[in-house]
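Okay, so here's the structure we're looking at.
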Amino acid sequence: MDKIRVIGGNRLSGRIEISGAKNAALPAMVASLLTSDVLHLENVPYVRDVLTTRNLLQKMGGAAEVGEDGTATLRAFDIQSFEAPYELVKTMRASILALGPLVGRFKKARVSLPGGCAIGTRPVNLHIAGLERMGAVCEIAHGYIEASTTGLHGSYILMETVTVTGTENLMMAATLAEGETVLDNAACEPEVSDLAGLLRSMGAQIEGEGTRTIRIHGVKKLHGCRHKIMADRIEAGTFAVAGAITRGDVEVVNCNPRHLTSVLTQLSQTGAEVTIGPDHFRVIGRDPILSKNVTTYPYPAFPTDMQAQYMALMTQGDASAVITETIFENRFMHALEMIRMGADITIDGRQAIVKGGQPLTGARVLASDLRASASLILAALVAKGETVVDRVYHLDRGYHRIEEKLARLGANIERIQ
Ligand code: EPZ
């Protein structure tokens with residue numbers, strides 16, 4: 001199992017290019033199930049979850065190729081299996097995204113319940129309830145969702161919790177349903193808008209993406225197209241924190257700073273100097289790092305996927321900061337590992353009180369989930385001595401060779417087999 005070793009203390013400086021967004025690439029790849037034509041995707045990040053999704057599509061009988069050059073060619077022409085099996089779903093919860101397209105186009109699906117993960121129970125009840133509103137019959141049996149329909153029809157669907165993949169699943173299913181579907185209290189994340197743009201290029205009739213109400217008029221068929229995946233705003237945010245925490249000077253290019261307004265604003269409030277351009281931004285880390293509270297909420301507020309990275313920064317704060325996590329019930333696993341590096345963090349339910357000013361020392365630490373792994377590397381960049389992060393397969397799910405990118409910025413970091 002790979003590990004990543006970091007020797008802390010280097011200031012980072014230089015330019016970093018952002019890869020395509022994992023959380024936009026996954027639904028885009030699965031959207032290929034909605035047509036028998038070829039789907040050409042560009043700027044697809046070469047990360048583990050993308051390869052898992054490729055494997056899932058191939059297992060169903062679809063043609064799916066992903067290149068290290070960021071291209072993916074997908075064609076769901078000859079689908080024989082309408083199942084997302086447990087052994088694949090357990091490695092990637094986002095496989096649940098196959099449910100909507102399979103029911104929408106093939107009128108049936110058998111998808112393993114994703115089950116929980118390190119950050120929470122991760123229910124999918126809203127995905128199922130929405131499909132039932134559109135006329136699907138869903139049964140839970142033997143750990144699988146068995147869904148079928150004689151044909152989906154449009155419906156008004158109010159999701160009581162904002163759900164990103166729930167919105168994406170139902171939006172995809174609705175593109176081929178009879179009539180109009182309204183998704184109310186929909187997720188506004190940029191990845192949802194990116195998917196809506198792709199579906200529209202495939203011939204779908206969608207309006208309102210990026211707002212809380214999305215309207216979809218069903219059509220008979222969708223066709224293939226070419227689509228470029230948006231830049232990964234969370235990878236960009238992770239490098240922004242790397243610049244701030246090392247008091248470095250990092251320019252992040254090939255990204256959309258408007259997708260990170262809440263994060264860049266928060267970083268400015270902690271004392272970092274942030275300058276923003278049309279497709280890039282620059283972060284110069286300053287002393288002192290000011291301790292500032294933050295609460296995670298659905299987009300456009302501060303994203304839960306940046307909470308762990310921000311906690312690493314707050315361990316270097318000049319006072320105490322309260323971090324409140326409102327999206328997932330167990331997303332503080334990284335705090336326990338940072339405490340082993342000398343951080344002073346108290347967890348109280350959904351809140352973590354991070355007392356700054358404690359110098360971190362390198363240690364052997366364990367990654368528990370994708371963003372936690374990134375936060376431990378950020379902490380290691382400023383810890384005294386050597387840190388070895390274990391179980392970096394979590395990291396590889398969403399970051400392509402992050403250690404090489406950080407090394408190019410001057411970090412003393414390497415991957416060890
Ligand atoms: C997506 O997960 C992302 N994954 C997550 O990123 C991200 O953390 C999350 O959205 C929140 O932004 C992908 O896009 C592949 P949710 P998702 O459904 O869609 C509750 C990463 O690191 N809920 O928006 O699974 C749920 O329990 C990952 O890349 C229900 O109650 O998250 C949670 O409290 C981690 N019932 C809240 O909604 C449902 O049916 C938000 O979850 C669905 C969700």
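Just one of Arg75, Arg48 is assigned by TED's automatic domain parsing to the domain that holds Ala109, within 16 Å of the ligand (Cβ to nearest atom) and either in contact (Cβ under 8 Å) with a residue 12 or more places away in the chain or under 21 Å from the mean Cα position of the chain (by Cα) (or both); which is it? Explain how you work it out, then say what you get.
Details: Arg75 fails: within 16 Å of the ligand (Cβ to nearest atom).
Arg48 is the lone residue from the list that is assigned by TED's automatic domain parsing to the domain that holds Ala109, within 16 Å of the ligand (Cβ to nearest atom) and either in contact (Cβ under 8 Å) with a residue 12 or more places away in the chain or under 21 Å from the mean Cα position of the chain (by Cα) (or both).
Against the condition outside any strand (DSSP E or B), β-branched (Val, Ile, Thr) and surrounded by 20 or more Cβ atoms within 10 Å (Cβ to Cβ), how does Val241 come out, does it pass? Show your work before the answer.
Values: outside any strand (DSSP E or B): yes; β-branched (Val, Ile, Thr): yes; surrounded by 20 or more Cβ atoms within 10 Å (Cβ to Cβ): yes.
In short, yes.
Do you know which residues across region 247-267 are touching a Gly at 6+ places or on another chain (Cβ under 6 Å) and open to solvent by less than 30 Å² (accessible area, probe 1.4 Å)? Break it down into steps so the answer makes sense when it comes.
Here is the first cut: in region 247-267, the ones touching a Gly at 6+ places or on another chain (Cβ under 6 Å) are 247-248, 250, 260, 263.
The answer is Gly248, Val250, Leu260, Val263.
Quick test of your reading of the structure: Thr149 fulfils all but one of (1) more than 21 Å from Leu39 (Cβ to Cβ); (2) surrounded by fewer than 17 Cβ atoms within 10 Å (Cβ to Cβ); (3) in contact with a Lys or Arg (Cβ under 8 Å, 6 or more places away or on another chain). Name the failing condition by number.
Here Thr149 meets the rest and fails (2).
What number of residues within region 154-183 are open to solvent by 40 Å² or more (accessible area, probe 1.4 Å) and without any contact (Cβ under 8 Å) to a residue 40 or more places away in the chain?
Counting residues in region 154-183 that are open to solvent by 40 Å² or more (accessible area, probe 1.4 Å) and without any contact (Cβ under 8 Å) to a residue 40 or more places away in the chain gives 5.
Of all residues in region 252-280, count the ones that are more than 22 Å from the chain's Cα centre (by Cα) and not in a loop (DSSP other than H, G, I, E, B).
Residues of region 252-280 that are more than 22 Å from the chain's Cα centre (by Cα), as a first pass: 268-278.
Subsequent filtering for residues that are not in a loop (DSSP other than H, G, I, E, B) retains 268-269, 273-276.
Within region 252-280, residues that are more than 22 Å from the chain's Cα centre (by Cα) and not in a loop (DSSP other than H, G, I, E, B) number 6.
Among the listed residues Ile229, Ile216, Ile234, which satisfies the condition of being away from the ligand (no atom under 16 Å from the Cβ) and buried (at least 16 other Cβ atoms within 10 Å of the Cβ)?
Sole residue among the options that is away from the ligand (no atom under 16 Å from the Cβ) and buried (at least 16 other Cβ atoms within 10 Å of the Cβ): Ile216.
So if I check each of Thr296, Thr270, which one is touching a residue at least 12 places away in the same chain (Cβ under 8 Å), open to solvent by less than 50 Å² (accessible area, probe 1.4 Å) and in contact with a Pro (Cβ under 8 Å, 6 or more places away or on another chain)?
On the way: Thr270 fails: in contact with a Pro (Cβ under 8 Å, 6 or more places away or on another chain).
Result of the check over Thr296, Thr270: Thr296.
With the structure loaded, tell me whether Val47 is among the β-branched types (Val, Ile, Thr), under 23 Å from Gly237 (Cβ atoms) and open to solvent by less than 60 Å² (accessible area, probe 1.4 Å) or whether it fails that test. It would help to see each step written out before you state the result.
Values: among the β-branched types (Val, Ile, Thr): yes; under 23 Å from Gly237 (Cβ atoms): yes; open to solvent by less than 60 Å² (accessible area, probe 1.4 Å): yes.
Yes, satisfied.
Within the group Arg133, Arg105, which residue is within 16 Å of the ligand (Cβ to nearest atom) and either buried (at least 17 other Cβ atoms within 10 Å of the Cβ) or at pLDDT 95 or above (or both)? Before the answer, list the steps.
Numbers: Arg105 fails: within 16 Å of the ligand (Cβ to nearest atom).
Arg133 is the lone residue from the list that is within 16 Å of the ligand (Cβ to nearest atom) and either buried (at least 17 other Cβ atoms within 10 Å of the Cβ) or at pLDDT 95 or above (or both).
Please indicate, with yes or no, whether at least one residue in region 168-180 is in contact with a Phe, Trp or Tyr (Cβ under 8 Å, 6 or more places away or on another chain), within 26 Å of Gly62 (Cα to Cα) and either among the polar types (S, T, N, Q) or away from the ligand (no atom under 13 Å from the Cβ) (or both). Can you show your working first?
First, pick out the residues of region 168-180 that are in contact with a Phe, Trp or Tyr (Cβ under 8 Å, 6 or more places away or on another chain): none.
Within region 168-180, not a single residue is in contact with a Phe, Trp or Tyr (Cβ under 8 Å, 6 or more places away or on another chain), within 26 Å of Gly62 (Cα to Cα) and either among the polar types (S, T, N, Q) or away from the ligand (no atom under 13 Å from the Cβ) (or both).
Out of all the residues in region 7-41, which are of a type in the set (D, E, K, R) and either surrounded by fewer than 24 Cβ atoms within 10 Å (Cβ to Cβ) or in contact with a Cys (Cβ under 9 Å, 6 or more places away or on another chain) (or both)? Spell out how you get there, then give the answer.
Of the residues in region 7-41, the ones of a type in the set (D, E, K, R) are 11, 15, 17, 22, 37.
Correct list: Arg11, Arg15, Glu17, Asp37.
With the condition kept exactly as written, say whether any residue in region 325-342 is farther than 24 Å from Thr121 by Cβ, within 16 Å of the ligand (Cβ to nearest atom) and not hydroxyl-bearing (Ser, Thr, Tyr).
Scanning region 325-342 turns up no residue that is farther than 24 Å from Thr121 by Cβ, within 16 Å of the ligand (Cβ to nearest atom) and not hydroxyl-bearing (Ser, Thr, Tyr).
Which one of the conditions (1) more than 11 Å from the ligand (Cβ to nearest atom); (2) open to solvent by less than 30 Å² (accessible area, probe 1.4 Å); (3) in contact (Cβ under 8 Å) with a residue 40 or more places away in the chain does Gly143 fail to meet, given that it meets all the rest?
(2)
Considering each of Ala319, Ala367, Ala335 in turn, give the residue that is within 24 Å of Gly285 (Cα to Cα), open to solvent by less than 20 Å² (accessible area, probe 1.4 Å) and assigned by TED's automatic domain parsing to the domain that holds Gln266.
Values: Ala319 fails: open to solvent by less than 20 Å² (accessible area, probe 1.4 Å); Ala367 fails: within 24 Å of Gly285 (Cα to Cα).
Only one candidate qualifies: Ala335.
Being more than 15 Å from Arg5 (Cα to Cα) and either within 16 Å of the ligand (Cβ to nearest atom) or outside any loop (DSSP other than H, G, I, E, B) (or both), is that true of even one residue in region 400-407?
Let us first name the residues in region 400-407 that are more than 15 Å from Arg5 (Cα to Cα), namely 400.
Next, from what is left, pick out any that are either within 16 Å of the ligand (Cβ to nearest atom) or outside any loop (DSSP other than H, G, I, E, B) (or both): 400.
Within region 400-407 (the criterion being more than 15 Å from Arg5 (Cα to Cα) and either within 16 Å of the ligand (Cβ to nearest atom) or outside any loop (DSSP other than H, G, I, E, B) (or both)), the answer is yes, since at least one residue qualifies.
Output yes when any residue across region 382-391 is touching a helix residue (DSSP H, G or I) at 6+ places or on another chain (Cβ under 7 Å), open to solvent by 20 Å² or more (accessible area, probe 1.4 Å) and part of a helix (DSSP H, G or I), and no when none is. So that I can check it myself, show each step before the final result.
First pass over region 382-391, keeping only residues touching a helix residue (DSSP H, G or I) at 6+ places or on another chain (Cβ under 7 Å): 382, 387, 389.
Next, from what is left, pick out any that are open to solvent by 20 Å² or more (accessible area, probe 1.4 Å): 382.
Imposing the further condition that a residue be part of a helix (DSSP H, G or I) reduces the set to 382.
Looking through region 382-391, at least one residue is touching a helix residue (DSSP H, G or I) at 6+ places or on another chain (Cβ under 7 Å), open to solvent by 20 Å² or more (accessible area, probe 1.4 Å) and part of a helix (DSSP H, G or I).
The values are calculated or read from the model by the stated rules, or taken from the named source; none is laboratory data. Computed from a prediction, not measured in an experiment: that's the story for all the values here. Virtual Cβ from ideal backbone geometry, glycine too; neighbours counted across all protein chains shown. SASA here: full protein model, heavy atoms, side chains in, ligands and nucleic acids out. Shrake-Rupley method; radii C 1.70, N 1.55, O 1.52, S 1.80 Å.
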